[in-house]
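Take a look at the structure set out below.
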Amino acid sequence: RLRGLSIHTESSLPTKFTTQSFIQLGETFREEVAKRKDFRKECVFSIDPSTAKDLDDALHVRKVDEDVYEVGVHIADVSYFVQAGSALDEVASQRATSVYLVQKVIPMLPGLLCEELCSLNPNEERLTLSVVWRLTSSGEYVSEWIGRSIICSCAKLSYDDAQQMIDHEWKEENLPPISGGFSASHVAEAVTTLNKLAKALRAHRVAKGTLRLDQPKVVFSLNKETGMPSGCSVYRQRESNSLIEEFMLLANMAVAHRIYGAFPKLALLRRHPSPKEKPADQLVSKCASLGIHLDTSSAAAIQASLNCYVQYRGSDNPDNCTLERMILVVLCSKIMEERVHSSLGQQTK
């Protein structure tokens, strides 16, 4: 706790917002409803860490045909409240991002926004930006829609809640309140459907050569009275985490394609170059001397090499990784080049 406060003090990170920065916040958004696509009657819910206060994304899914599902990712529309050039925009620009310390968060935006007006809290109407697809059960695209919307989340699920639904081990009395006329069974069915679709989408990405170099993450538990660390553990990445990750990635890709279509010369590209040649060759040779086959010729080849060290074939659960794989992931991460950011206009040249 003391170290966190020290970081905060040394870096002069501001914690308060000026009165001027609040002046341009709208008190109501009723006039916006008619302009937006209405998802308030859909079974929309969020899945976040149990301690989350700022809920910035939510999902819904419903079957629309024999083998077609509508899936929506809804992101809090902060742009409605933070107008370009406003006092609040200037303050947020100076902060650039929220800063996460072990025991607290120093937000980029005021709590009134990130924890209330722009937080997709259950049983509250909220303005959102949505990406909505129609997908087959095998993860094939049928259609896509991107636009401004309004939602009313029916539940705030934790990753534990969602995982229990995926494992068919949930009990209604252990779940958070569910509103909007929906039942726990409705939400559980939606979560399991989203998980099946997420697995299908992930299978498509893996087939195209995606590379995952996930390393174990350590989380700390703090003493409630002193704020000092009282223990630590390895964070478990489960199917409920992967579900959210998959659809957030899908939404990011959809928006990236839309931005590229509208601004082909200005759109920002983040690219991961090929591994450093000399360190990669040295790692391959070292592994070979230990009887370990490692192919670094492409992202797909690296992933295939890593997949040889999974306890249960066909599983993408990091808990099923062997020690050898964990070590290889760390070593492969070290030979990777730093990501490069550039405009697509520069790339075409």
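The values are calculated or read from the model by the stated rules, or taken from the named source; none is laboratory data. Quantities reported herein were computed from a predicted structural model and do not represent experimental measurements. Glycine gets a Cβ as well: all are built from the backbone with ideal geometry, and neighbour counts include every protein chain shown. Only protein heavy atoms, including side chains, enter the accessible area calculation; ligands, DNA and RNA are left aside. Shrake-Rupley method; radii C 1.70, N 1.55, O 1.52, S 1.80 Å.
Key figures for this structure:
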read-out: Given (1) open to solvent by less than 90 Å² (accessible area, probe 1.4 Å); (2) among the basic types (K, R); (3) not in a helix (DSSP H, G or I), index of the condition R236 fails; value: (1)
read-out: Segment 106-125: number of residues that are surrounded by 20 or more Cβ atoms within 10 Å (Cβ to Cβ) and over 21 Å from S86 (Cα atoms); value: 2
read-out: Members of segment 181-203 that are of a type outside the set (D, E, K, R), out of contact with any Cys (no Cβ under 9 Å at 6 or more places or on another chain) and in contact (Cβ under 8 Å) with a residue 12 or more places away in the chain; value: A184, A188, V191, T192, T193, L194, N195, L197, A198, A200, L201, A203
read-out: Qualifying residue in segment 211-222 (condition: part of a helix (DSSP H, G or I), touching a helix residue (DSSP H, G or I) at 6+ places or on another chain (Cβ under 6 Å) and acidic (D, E)); value: no
read-out: Residue, modelled with the highest pLDDT, within segment 292-349, restricted to residues that are touching a Leu at 6+ places or on another chain (Cβ under 7 Å) and closer than 25 Å to H257 by Cα; value: A299
read-out: Flag if K265 is modelled with pLDDT of 90 or more and not hydrophobic (A, V, I, L, M, F, W, C); value: no
read-out: Subset tally (residues that are open to solvent by 50 Å² or more (accessible area, probe 1.4 Å), out of contact with any helix residue (DSSP H, G or I) (no Cβ under 9 Å at 6 or more places or on another chain) and outside any loop (DSSP other than H, G, I, E, B)) for segment 181-200; value: 2
read-out: Only listed residue being within 27 Å of Q303 (Cα to Cα) and at pLDDT 95 or above, chosen from A198, A203; value: A198
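Quick grid of which residues meet (1) open to solvent by 80 Å² or more (accessible area, probe 1.4 Å); (2) in contact with a His (Cβ under 6 Å, 6 or more places away or on another chain); (3) over 27 Å from I327 (Cβ atoms):
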residue: R202; (1), (2), (3): no, no, no
residue: V219; (1), (2), (3): no, no, no
residue: T226; (1), (2), (3): no, no, yes
residue: L243; (1), (2), (3): no, no, yes
residue: N252; (1), (2), (3): yes, no, yes
residue: H257; (1), (2), (3): yes, no, yes
residue: G261; (1), (2), (3): no, no, yes
residue: P264; (1), (2), (3): no, no, yes
residue: L269; (1), (2), (3): no, no, yes
